[in-house]
Each structure stands twice: as C-alpha cells, then as structure tokens.
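One structure below.
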Amino acid sequence: MQNISHQSAAHRSSAQKNTAQKTQTPLIDYLLRLGDNALILGQRHAQLCGKAPALEEELALMNVGLDLFGQARNWLGYVSELMASELMADKIDADHLAFRRDAQDFRNLLLVEQPNGDFADIMGRQFLFDAWHVHLLEGLTHANDPRIAEVAAKSLKEATYHLRRSSEWVIRLGDGTEESHARMQRALDNLWQFTGELLQIDEIDQAMLEAGIAPDPDTLATRWKVTVEEVLEEATLSRPAYDAWMYTGGKVGHHTEHLGFLLAEMQYLPRAYPDATVW
Amino acid sequence: MYAQLVETGTSKLRTLDEMSPEERQFQERINDEIKIEPKNWMPDAYRKTLIRQISQHAHSEIVGMLPEGNWLTRAPTLKRKLQLMAKIQDEAGHGLYLYSAMETLGADRDEEIDKLHDGRAKYSSIFNYPTLNWADMGTIGWLVDGAAIVNQVPLQRTSYGPYARAMIRVCKEESFHQRQGYQILLTMMQEGTDDQKAMVQDSINRFWWPALMMFGPSDENSPNSAQSMAWKIKRHSNDELRQRFLDQTVPQLELLGCTAPDQDLKYNQETGHYEFGAIDWQEFFDVVKGNGPCNRERVEARRNAIDNGAWVREAAVAHAAKRQRRAA
Amino acid sequence: MADWPLFEVFIRSKHGLNHKHVGSVHAADRRMAIENARELYTRRNEGVSIWVVPASEITASSPDEKEPLFDPSNDKVYRHASFYKLPKEVGHM
C-alpha cells in the first residue's frame with residue numbers, strides 16, 4: 001500500500017511522477033499527512049464563508065480556517081525543506097505541494113475531506129477530528145525532531161481551542177431541540193465510518209513511532225475514545241460501535257470522490273496558469 | 001461609501017431658534033464637538049437616520065464578504081489564502097462592531113437584518129458587481145477598500161459616540177486591507193505573465209466606475225446631506241470625498257502601469273486635481289434599486305445562511321435553557 | 001426566531017490595566033458569549049482577560065442625574081494630589 005504512488009505513476013506526466021516518487025521517505029509521508037489534514041479541512045472552512053448560521057459564527061469558523069491553513073503552511077514548508085535536503089528536490093515549495101499534487105498524492109484522512117453538509121455535519125466532522133488532533137499534537141510536542149515539536153506545540157494551542165468549541169457545539173446540538181438532536185445523531189452516524197482511519201496504524205506510523213517522532217498509538221486511541229465518549233454522553237448522543245465497518249485509505253492516497261472536486265476548485269489558478277510564478 | 005442615500009426624514013434644515021430647548025441643547029452639543037451618547041436625549045429623526053446609516057454600513061460589511069468569499073476557495077497560494085481569509089474575517093468583525101453600535105440606539109439587530117433580507121434595507125452598491133477573476137481580489141482591496149477608507153476616516157469624528165468608536169476600531173484594522181489588495185495587483189503587473197497583466201487591467205476596467213459611484217450621487221442630487229452634515233454624521237460632501245479618492249488613486253494607477261476606462265481623465269495643473277468623465281448615474285440608481293448584476297444572489301445568499309441556521313440558533317437557546325434549569 | 005441575547009463585553013488589554021468596555025456580542029449563553037467576544041474583539045492579541053455581562057443586567061446612570069451624581073465631586077479638590085502644595089525640597093511625591 002505504501003507504493004500507491006508508483007502504481008498509478010504510469011498514468012501521469014513526468015513532472016507529477018517526480019513529485020509522487022519523491023514522497024517516499026517515511027518522515028516526508030508522515031508530515032504530508034499532518035499538512036494535508038490541515039490543508040483540506042482548512043479548505044472546507046474556506047467554502048463556508050458567508051454561510052454560517054449566525055454572524056458570530058462566521059468569525060469563529062474563519063478563525064479555525066486560518067489556524068488550519070497556518071498549520072498546513074508550517075508542515076508543508078518543512079516537507080519542502082526536507083525534500084530539498086534529503087531528495088535534492090529543491091523546486092517543490094509548500095505552494096507547489098498544495099496546488100500541484102493530484103488527489104492520489106494527498107495523504108489526508110478521509111474524514112476531513114467530507115463535504116460540509118449542514119452545521120451538524122460540520123461540527124461532527126470537526127469534533128471527531130479535533131478529539132484526535134489534540135492528543136496527536138500533544139504527543140508530537142515530545143518528538144525528538146525539534147522542528148516537529150515546535151510546530152506541534154504551536155498547533156496544539158489552536159487545536160485545544162478548536163476542540164473546546166466543537167465539543168460545545170456537539171453538546172448543544174445533541175442536547176438542544178428534537179430536530180438538532182436528530183441531525184447531530186445522523187451526522188455522527190454518517191461520519192463514524194471515517195474514524196477507523198484515525199486509530200489505524202500502518203508502516204509509516206510504525207516507522208515514526210520507532211524514530212521517536214509519533215506518539216504511542218494505543219495511548220492516542222484511548223485518549224480519543226475517552227474524549228469522544230465524554231462529549232457524546234453529555235450530548236445525549238449514542239456512540240456507534242468501535243468495531244463497525246470502517247472506510248479507510250486516505251493515508252495512502254485512496255480517497256473518496258469528494259477530494260477531486262475540492263482540489264479542482266482549490267488548484268484552479270495555478271493549473272490554469274502554469275507559467276505564472278508569482279501571484 | 002458604504003452608506004449611500006441615507007434618508008434623514010427632514011427636508012429643511014432648522015435654525016437653532018426654531019428648535020425646542022432640548023433640541024437646541026442637543027445641536028449645540030454637536031456644534032461643540034461633544035459626543036452624543038446612548039442615554040442622551042436626541043431627536044427621533046437623528047436616532048432613525050443613524051440606525052439607517054449604521055445598519056447600511058454594517059450590512060455592506062456583511063454582504064461585502066460574499067464577492068471575496070467567491071475567490072477564497074480559489075486563492076492561488078497559501079499566503080494569499082490566509083490574507084484573504086483574514087480580510088474577510090475582519091469584514092465580518094466590522095459588521096458586528098457596527099451592529100453593536102446600532103443596537104445602542106435601541107434598534108434590534110435581527111429586525112434590521114430582516115430588512116436587508118426582504119429588500120427594505122440598502123447596502124453599498126459596489127457589492128452587487130460580480131468578481132470574475134483573481135485580480136478582482138486585488139482591485140477590491142485597492143479601490144473598494146480605498147474608497148471606504150476615504151469615507152470612514154472622517155467618520156471617526158462622527159457625533160454619535162458608539163459609532164465613532166466603532167469607526168476608530170474599523171479604520172485601525174482596515175489599514176492592511178488596501179495594501180494587501182494593491183500588492184496583489186502590483187505583483188502581477190511587475191512580475192506576472194501577460195495573462196496576469198491582462199487580468200489586472202480587465203478587473204480595473206470593470207471596477208473603476210462602480211468604485212467612483214460608491215460615494216453616492218453628486219452634491220446637487222443629495223437632498224439629505226445638509227441635515228446629515230449638521231448632525232455631523234456625515235462630515236464631507238459626496239463630491240469632495242470622491243475627488244479626494246480620485247486624487248490619491250490615479251498616481252497609484254499609473255504606478256501599476258494600468259489605465260482607467262475614462263478618456264476624460266486628466267490632471268488639472270491649475271486646481272491640482274484630477275478631472276474625470278461623466279458618471280452613469282442611471283446605472284447607480286438601477287443598482288441601488290435592486291437591479292444590479294448580483295443584487296438578487298447576494299441577498300439570497302445572506303437570507304439562506306440565516307434561514308438555514310435557524311435550527312442551530314434555536315438548539316443553542318434550548319440547550320442554554322436546559323442548563324439553566326439543571327443548575328437551578 | 002430564537003434570538004440570542006446581547007452581552008456587553010469588557011476586555012483587559014494588558015496585565016495591570018482595568019477591563020474596558022469594547023462593545024457587545026450576541027450569544028446563547030455566557031460561555032458562548034466569552035468565545036464570541038474572543039473571536040470578535042481579540043483577533044489581534046488585544047486582550048488577556050474578558051468579562052461578559054448580560055446587557056439586561058447593566059444598570060446605567062441617567063444623564064438627567066448627571067448633576068446630583070457627579071457635580072458634588074467637582075468641588076472636592078482635596079481629593080486630587082495637586083491640591084496639596086508642598087515645598088520643592090520634598091521632591092516627587
């Protein structure tokens with residue numbers, strides 16, 4: 001599964017093939033996962049502009065979006081530096097990574113690419129992600145790579161606030177009106193299939209654990225479950241089963257159909273004007 | 001100008017002698033540049049006019065998020081995306097500062113927003129024009145925010161305290177908006193491809209005249225101005241502000257290496273001002289009346305956001321009530 | 001429509017300064033009011049502490065009461081340091 005980029009490389013132009021092949025060190029792959037999660041979820045927030053259920057919420061959603069794009073820039077910036085130093089690929093900057101890769105080269109979780117839907121879908125997606133993100137970032141602050149620890153520490157402050165907000169909304173909607181409860185439960189049930197991937201461990205995660213970068217996966221899983229259970233209980237929502245069927249693949253580039261459209265919109269300008277070097 | 005054609009409800013300016021003692025005291029206070037605060041006595045027409053003006057201004061900030069939001073998902077670099085998102089977020093914030101100032105006059109925010117949604121309230125004509133290419137994000141920052149700043153700077157001294165304080169905050173935060181916009185255009189004109197340069201010129205061609213219209217009708221067609229000036233909720237005439245904007249903008253246009261879609265635009269050595277061609281006021285009044293390119297979709301987008309969010313707001317209230325009951 | 005009530009917002013901009021009124025927000029409850037105030041009034045690191053108070057809970061003095069409330073202190077000059085003339089030799093006090 002790790003060589004997914006190779007499998008489809010034959011169908012791509014040589015430039016894209018180069019980018020794909022250069023994502024092969026485990027560290028780079030791992031950082032792309034972190035960066036792509038932030039980027040894709042940030043883009044979902046960009047799509048929400050002007051659509052919030054209250055004016056106050058416009059500011060709040062955009063604050064989350066700004067934090068996520070900032071995190072994406074930090075992680076992808078580090079990736080581009082590593083590509084230059086370790087792979088001699090010095091022309092691939094963070095923008096190139098964001099705007100010139102195709103879907104199969106993205107390493108984000110399927111959860112974050114799910115469409116916005118209604119506010120219950122939006123907050124459900126955010127909460128399930130934040131509950132994981134906070135504990136992951138907390139673990140990454142102890143990474144033996146100082147750059148990772150530094151970015152994680154900054155991101156952790158932001159994610160902690162995101163979790164506070166998304167938890168509160170899940171509780172409000174779950175324990176609000178009959179309608180909001182039904183919507184929140186339905187959102188949770190629909191999104192649940194994408195949570196298996198949060199806790200799934202593959203060779204990349206394993207390599208990063210051994211390298212002293214990624215936190216212990218069992219601790220991460222336990223903490224995520226505790227947070228989710230506490231909030232869902234207060235929200236009077238029923239938790240789907242942990243052993244339910246799970247839809248996975250985002251971490252290795254097998255995405256849902258939604259990602260292609262998200263990228264088509266996001267990458268439109270750099271792709272329509274490939275000769276433009278500045279914007 | 002974000003508030004255009006604000007109705008004052010008074011056709012004739014009264015002298016101090018014609019006023020009641022209360023009103024005279026009020027007007028003298030304004031003449032002395034002492035701020036009117038929420039609990040001070042004020043004429044009903046002043047209160048109503050201010051509610052109209054501040055709500056128009058606030059609506060403009062909120063509707064103004066939409067043409068930029070149209071490109072937020074397609075911003076071409078991470079830096080531009082962050083800048084644009086921060087700018088749009090500021091606009092939401094400025095709308096809220098202004099609604100907050102408006103509410104000190106006893107107006108209800110939801111009621112005023114309803115007026116926006118059913119077409120009774122106006123907002124700046126400029127936001128009814130479509131954003132068709134990326135350069136429009138630059139042009140809006142440069143021309144639209146530039147025009148807004150020319151209008152807003154004097155409003156920091158407006159007679160109503162909460163409005164003046166909101167404007168001080170807005171002006172302080174908005175200083176980066178215009179620079180951000182101009183830099184987008186300058187980068188493309190100086191280092192961009194021919195396609196990018198053409199994009200910039202196309203954008204300026206479309207936004208030039210609508211930006212000049214932002215200041216509202218010429219002084220001779222601005223029947224409410226005299227009363228608004230006496231109340232110091234408007235501090236300069238439309239034409240005066242338009243000229244000030246043009247004088248500062250044309251040199252910036254030349255620095256870009258672009259042209260204005262106005263053959264009559266020229267510098268007058270004697271007056272030290274730029275002269276410009278005739279504004280198509282028919283277009284302006286059409287747009288203000290609801291017949292601009294995007295009027296319907298802008299209002300519909302706002303209405304949908306609030307209508308679709310009704311169940312969310314209700315849930316939050318219901319949950320707060322449950323909590324309060326449990327705590328009691 | 002289920003309207004969110006109005007809260008007045010006070011921000012302490014730096015440690016050691018008083019909270020200062022900055023405006024208002026709408027929110028369903030106090031906690032949301034704090035968050036909404038944070039999003040709106042501290043986007044540029046303006047604050048280290050936020051108070052929110054339901055607007056309906058604020059009692060304001062009326063301008064009609066200005067004279068009885070504030071004029072009596074006008075002539076209490078002895079409350080101000082400049083009232084006390086001291087010889088230069090005392091220096092700064």
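When nucleic acids and ligands are ignored and a 1.4 Å probe is applied, residue C:62 ends up with an accessible area of around 30 Å². With θ taken as phi - 60° and the Karplus curve 6.51 cos²θ - 1.76 cosθ + 1.60 applied, the whole-hertz 3J(HN,Hα) list for the stretch A:192-209 is 4, 4, 8, 8, x, 5, 4, 9, 6, 10, 10, 4, 5, 4, 4, 4, 6, 5 Hz, x standing for glycine and proline. Computed from backbone phi with θ = phi - 60° and the Karplus coefficients 6.51, -1.76 and 1.60, the 3J(HN,Hα) list for the stretch B:227-244 is 5, 5, 5, 4, 7, 6, 9, 9, 10, 9, 6, 4, 5, 4, 5, 4, 5, 4 Hz; x is used for glycine and proline. Counting Lys and Arg as +1 and Asp and Glu as -1 over every other residue whose Cβ lies under 12 Å from the Cβ of residue B:199, the net charge comes to -2.
Calculate, for residue B:33 and residue C:21, the FRET efficiency according to 1/(1 + (r/R0)^6) with r their C-beta to C-beta distance and R0 22 Å; round to the nearest 0.05. Plugging the Cβ-Cβ distance into 1/(1 + (r/R0)^6) gives 0.50. Taking 0.890 mPa s as the viscosity and 25 °C as the temperature, the Stokes-Einstein diffusion coefficient of the stretch A:21-272 based on its alpha-carbon Kirkwood radius rounds to 134 µm²/s.
Based on DSSP H segments of at least four residues, each scored -39500 (n - 2.57), chain B has a per-residue ellipticity at 222 nm of -20500 deg cm²/dmol.
Candidate cross-link partners of residue B:234 among the lysines, defined by an alpha-carbon separation under 19 Å and a same-chain spacing of 8 or more, comprise B:12, B:35, B:48, B:122. Binning all Cα-Cα separations of the protein assembly as shown at 10 Å, short to long from zero, yields these whole-percent fractions: 3, 13, 22, 23, 18, 12, 6, 2, 0, 0. Here chain B is assigned +1 on the Cβ of each Lys and Arg and -1 on the Cβ of each Asp and Glu. Its dipole about the Cα centre then comes out at about 1540 debye.
How much of the accessible area of the protein assembly as shown, probe 1.4 Å, is carbon plus sulfur, in whole percent? List each step's numbers first, then the result.
Details: 15420 of 30150 Å².
In the protein assembly as shown, the share of accessible area belonging to carbon and sulfur is 51 percent.
Ignoring the sites themselves, chain B has its longest run without GluC sites (Glu not before Pro) in a DSSP loop having at most 11 other Cβ atoms within 10 Å at B:34-269.
Considering only Cα atoms, the convex hull volume of chain B works out to 161 Å³ per residue.
Excluding ligands, DNA and RNA, what is the accessible area buried between chains C and A, summed over both sides, using a 1.4 Å probe, to the nearest 100 Å²?
1200
Annotation: amide H of residue B:273 within the under-5 Å range of B:268, sequence separation 5 or more or interchain, hydrogens built in the peptide plane. With all protein chains kept in place, the per residue accessible area of the protein assembly as shown amounts to 43 square angstrom at a probe of 1.4 angstrom. The distance from the alpha carbon centre of the stretch A:142-187 to that of the stretch B:231-263 is 46 Å, rounded to a whole number. Remark: the stretch B:78-84, residue by residue, has Karplus-estimated 3J(HN,Hα) of 5, 4, 5, 5, 4, 4, 5 Hz, where x stands for each Gly or Pro and the curve is 6.51 cos²θ - 1.76 cosθ + 1.60 at θ = phi - 60°. With the simple model of a label 7 Å out from the Cα in the direction of the Cβ, residue B:248 to residue B:269 spans 2.7 nm. Principal axis extents of the Cα atoms in the stretch B:159-216, from largest to smallest and rounded to whole angstrom, are 50, 24, 9.
With runs of 4+ DSSP H residues as the only contributors, calculate the mean residue ellipticity of chain A at 222 nm using -39,500 (n - 2.57) per run, divided by the residue total and rounded to the nearest 500. Show your work: numbers first, answer last.
Numbers: 14 runs with 186 residues, N = 279.
That comes out to -21000 deg cm²/dmol.
With the simple spin-label model, which puts each label point 7 Å out from Cα in the Cβ direction, the residue A:153 to residue B:7 separation comes to 6.0 nm.
Full extension of the chain between residue B:321 and residue B:45 gives 95.5 nm of extra length, using 0.36 nm per residue less the Cα-Cα distance. Chains A and B together bury roughly 4300 Å² of accessible surface, counting both sides and using a 1.4 Å probe on protein heavy atoms. Helix A:119-140 versus the longest principal axis of chain A: what is the Cα-based angle in degrees, 0 to 90, to the nearest 10? Between helix and principal axis, roughly 60 degrees.
A straight Cα-to-Cα reach below 25 Å connects residue A:91 with the lysines A:17, A:22, A:251, B:79, B:81, B:197, residues fewer than 8 places away in its own chain not being considered.
The aspartates and glutamates within cross-link reach of residue C:20, meaning a Cα-to-Cα straight distance under 19 Å and a gap of 8 or more places when in the same chain, are B:37, B:103, B:173, C:8, C:35, C:39, C:46, C:57.
The values are calculated or read from the model by the stated rules, or taken from the named source; none is laboratory data. As the structure is a computational prediction, the values presented were derived from the model and not from experiment. No Cβ is skipped: glycine too gets one built from the backbone with ideal geometry, and neighbour counts run over all protein chains shown. These area figures cover heavy atoms from the full protein model, side chains too; ligands, DNA and RNA do not enter into them. Shrake-Rupley method; radii C 1.70, N 1.55, O 1.52, S 1.80 Å.
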